[in-house]
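Down below is the structure, laid out as structure tokens.
Please treat every number below as a calculation from the coordinates, not as lab data. None of the values given here were measured: they were computed from a predicted structure. All Cβ positions, even for glycine, are placed from backbone atoms using ideal geometry, and neighbour counts span all protein chains on display.
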Protein chains: 2
Amino acid sequence: MTDPHDCPGCAVPDLAFAAHDHAQCTQDALDRAEALTRTAGARMTPVRRRVLEILLEEHKALGAYDVLARLATEGFGNQPPVAYRALEFLVDQGLAHRIQRLNAFAACAHVGEDHAPAFLICRSCHMVAETAATAARSSLDAEAARAGFRVERSTIEALGICPGCQGAS
Amino acid sequence: MTDPHDCPGCAVPDLAFAAHDHAQCTQDALDRAEALTRTAGARMTPVRRRVLEILLEEHKALGAYDVLARLATEGFGNQPPVAYRALEFLVDQGLAHRIQRLNAFAACAHVGEDHAPAFLICRSCHMVAETAATAARSSLDAEAARAGFRVERSTIEALGICPGCQGAS
DNA sequence: CTTGTGTATGTAATATCATAACACGTCAAC
DNA sequence: GTTGACGTGTTATGATATTACATACACAAG
């Protein structure tokens with residue numbers, strides 16, 4: 001990876017399931033997260049940063065209790081609110097997303113960009129790829145508008161099989 | 001509860017939040033459900049039928065425990081599996097949908113049709129309207145295909161404000 | 001430097017959502 | 001009339017999430 005701000009594996013949909021220099025894109029995402037929270041007047045505290053790191057290290061969605069277990073072994077609190085609050089913060093800041101279908105959370109792969117994400121969830125290896133869904137969201141908004149419904153937030157998730165797991169199995 | 005004025009719509013997207021004869025569409029849906037399950041070789045038992053009725057009567061998504069509470073007062077079992085099994089059956093048969101965002105279930109408004117539903121969830125009155133999302137699903141499938149991902153099931157849900165709650169408060 | 005204020009964290013207790021495992025009853029096929 | 005598949009009921013437990021309150025910490029005003 002020559003340009004630290006362009007990690008193919010993490011940011012480009014086409015390569016969402018491809019191997020890449022993950023350590024580099026993790027570090028880059030952390031750096032951007034720090035900058036963004038400072039700009040937003042929010043505080044990137046140790047627990048919050050650690051939770052984001054954990055989400056970035058794993059390339060999949062983690063449950064709140066998975067995150068909590070890892071925090072607990074590192075000297076942070078071991079009660080659910082510790083994890084839920086940090087995760088909520090990250091989601092609010094746009095640094096992570098909640099995957100409804102899995103009751104789980106994944107680091108945002110497009111930190112700082114104004115994006116309309118959809119999630120591709122592999123039911124075999126449990127990887128979660130974040131992809132742009134601008135068209136799908138437009139369609140949904142248009143359909144909702146026809147019924148007079150004002151959309152505030154939307155959830156678009158696909159469950160299926162990733163490229164890597166199609167050959168295998 | 002069966003007051004047509006509380007009914008945002010059962011079947012027609014354009015009328016999704018409009019008043020209509022809810023008792024009639026409920027009965028229609030039940031009749032169609034009976035026919036479909038017979039065709040599929042499945043059994044529409046008393047518990048299952050009652051759960052479907054309950055979902056149709058209420059004009060919103062119901063949690064499994066809400067359904068269970070009503071079943072229990074009517075002489076059915078009062079343990080969670082009773083509700084979850086009936087709901088799972090209805091979802092498998094395409095007679096109901098699960099709303100991921102709410103951990104809840106809603107009767108299908110398009111029984112028997114091959115449809116690609118999206119759900120419009122009013123965060124004010126908690127009503128849920130089922131609408132066609134063919135275009136949105138196509139977009140999502142296309143985007144997934146670009147990444148080599150094979151979509152099996154997808155979830156499209158919008159959270160916002162329904163027409164009735166926009167004027168009111 | 002101290003203090004007041006808002007925010008973050010830790011903890012206990014509880015609420016809510018979901019499933020595993022097993023017993024029993026029914027009914028049709030043989 | 002026995003077998004086997006399915007549906008239902010029940011016990012128990014697991015998994016996910018929130019409320020409420022206490023403590024600690026950052027930071028700016030005095």
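Computed from backbone phi with θ = phi - 60° and the Karplus coefficients 6.51, -1.76 and 1.60, the 3J(HN,Hα) list for the stretch B:96-101 is 8, 10, 9, 9, 4, 5 Hz; x is used for glycine and proline. Close amide H pairs (under 5 Å, H built 1.01 Å from N) link A:ALA96 with A:VAL91, A:CYS108, residues at least 5 positions away or on another chain.
Per residue, the convex hull around the alpha carbon atoms of chain B comes to 128 Å³.
Largest mean-square fluctuation among A:HIS126, A:HIS97, A:HIS115, in a Gaussian network model of chain A whose springs join Cα atoms under 10 Å apart, belongs to A:HIS115. Averaging over all projection directions, find the projected area of the Cα convex hull of the protein assembly as shown and quote it in nm² with one decimal place. Projected area, direction-averaged: 19.6 nm². For n ≥ 4 DSSP H runs only, could you compute -39500 (n - 2.57) per run for chain B, divide by its residues and tell me the 222 nm figure to the nearest 500? Helices in chain B give a 222 nm mean residue ellipticity of -13000 deg cm²/dmol.
R0 = 56 Å: FRET efficiency of A:THR73 with B:ARG43, Cβ-based, nearest 0.05? Calculated transfer efficiency: 0.65. Relative to the other identical copies, B:GLY63 shows label-point distances of 1.8 nm, where the label point lies 7 Å from Cα along the Cβ direction and values run shortest first. If you plug the beta carbon distance of B:GLN27 and B:GLN166 into 1/(1 + (r/R0)^6) with R0 = 30 Å, you get a FRET efficiency near 0.45.
Of the residues B:GLU152, A:GLU88, the one with the fewest other Cβ atoms within 10 Å heads the list, and the complete ranking is B:GLU152, A:GLU88.
Would you mind ranking A:ILE121, B:ILE161 so that the residue whose beta carbon has the fewest other beta carbons within 10 Å leads the list?
B:ILE161, A:ILE121
Highest mean packing first, where packing is the average number of other Cβ atoms within 10 Å per residue, the peptides A:52-64, B:26-38 line up as A:52-64, B:26-38. For the stretch B:105-120, 3J(HN,Hα) computed residue by residue from phi via the Karplus equation (6.51, -1.76, 1.60; θ = phi - 60°) reads 10, 9, 4, 6, 8, 10, 3, x, 8, 7, 9, 10, x, 10, 10, 10 Hz, glycine and proline entered as x. When chain B is treated as a Gaussian network with alpha carbon springs shorter than 10 Å, the biggest mean-square fluctuation among B:ALA144, B:ALA136, B:ALA109 belongs to B:ALA144. Inter-chain Cβ neighbour count for A:93-100, averaged per residue, equals 1 (cutoff 10 Å, partner chain atoms only).
The stretch between B:ASP114 and B:SER138 holds 7.2 nm of extra length on full extension. This uses 0.36 nm per residue minus the Cα-Cα distance.
Taking A:GLY41 in one copy and the same position in all the others, each labelled 7 Å out along Cα→Cβ, what are the pairwise distances from the first, in nm, shortest first? Ordered by distance, the counterparts are at 6.5 nm. In the assembly of identical copies, B:SER124 has its label point, taken 7 Å from Cα in the direction of the beta carbon, separated from the corresponding points by 4.7 nm (ascending, one decimal). Annotation: amide H-H contacts under 5 Å for A:PHE105 (H modelled 1.01 Å from N, sequence separation of 5 or more, or interchain): A:LEU62, A:GLY63, A:ILE99. Averaged over peptide A:125-137, the number of partner chain Cβ atoms lying within 10 Å of each residue's Cβ comes to 4.
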